[in-house]
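Some notes on the structure that comes next.
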Amino acid sequence: MANYLGPVCRICRREGVKLFLKGTRCMTEKCAIERRSYPPGQHGQNRTRVTDYSIQLREKQKLRRMYGVLERQFRGLFRRAERQPGVTGENLLSLLERRLDNVVYRLGFAQSRRQARQLVTHGHVLVNGRKSNIPSMILSVGDVVELKDKSRQLLVVQAALDAAEAQGVVSWLELDREACKGTLRALPTKEEIRAPVNEQVVVELYSR
């Protein structure tokens, strides 16, 4: 599966909001948004015409890039969210949050979703006791995510755990820090996710 390998700070600048793609660096003065709060490129500081479509597109791109999902994957998740009962936009956010790479990030095993994806693809993560190397796997309530014994000693994991200790864990996850094990205790709600995105605008874009 293809993946974006370019500079991620350009993405935050393009969307005009911190997407926390570099973990703790995004909270320092080195953050690209803090230094240059305008889109990248030679025309980044020029005025651009704002239309309804451009607003919808930017919200979709913001959400897709925040979770590191390709367009085809994102469209598939949207269709799945449409088929589920409830509000489509909230269903979409819930599906994105329950991706395995995002859960690993939310548990504090990695400092960014990109780093979490790398942990998963390299086989450091177990789901319900079995190795899973598929970052896009959607977890269900009751699923248990943990790191392998040897993987707990990785420097990147220890650094992530130290950084996440002060922030705590989201309410829909239960974490055993000593065992590096987490459980999905409930489905995440829109209020708990707090994504800097208007998901209803994304629904309007795909409903055109």
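Between Ile134 and Val169, the C-beta separation translates, for a Förster distance of 30 Å, into a calculated FRET efficiency of about 0.85. Ranking Leu147, Val201, Gly123 by how far each Cα lies toward the positive end of the dipole of region 104-208 (charges on Cβ) leaves Gly123 at the top. Listed from fewest to most Cβ neighbours within 10 Å, the set Thr183, Thr88, Thr189 follows the order Thr189, Thr183, Thr88.
Counting only residues at least eight positions apart within a chain, or on another chain, the aspartates and glutamates with an alpha carbon under 20 Å from that of Lys190 are Glu59, Glu82, Glu90, Glu97, Asp101, Glu174, Glu199, Glu204.
If each residue's Cβ is checked for other Cβ atoms within 10 Å, how do Met66, Met137 rank with the fewest at the top?
So the ranking, lowest neighbour count to highest, is Met137, Met66.
Roughly how many debye, to the nearest 20, is the charge dipole of region 99-186 about its Cα centre, given +1 on each Lys and Arg Cβ, -1 on each Asp and Glu Cβ, and no other charges? Provide the component values of the computation, followed by the final result.
Details: 13 positive and 9 negative charges, 69 e Å.
Roughly 340 debye, rounded to the nearest 20.
Every number here is computed from the coordinates shown, using simple stated rules; none is lab data. If you're wondering where the values come from, they're calculated on a predicted model, not measured in any experiment. Because the Cβ atoms are built from the backbone with ideal geometry, glycine has one as well, and the counts that use them run over all protein chains shown.
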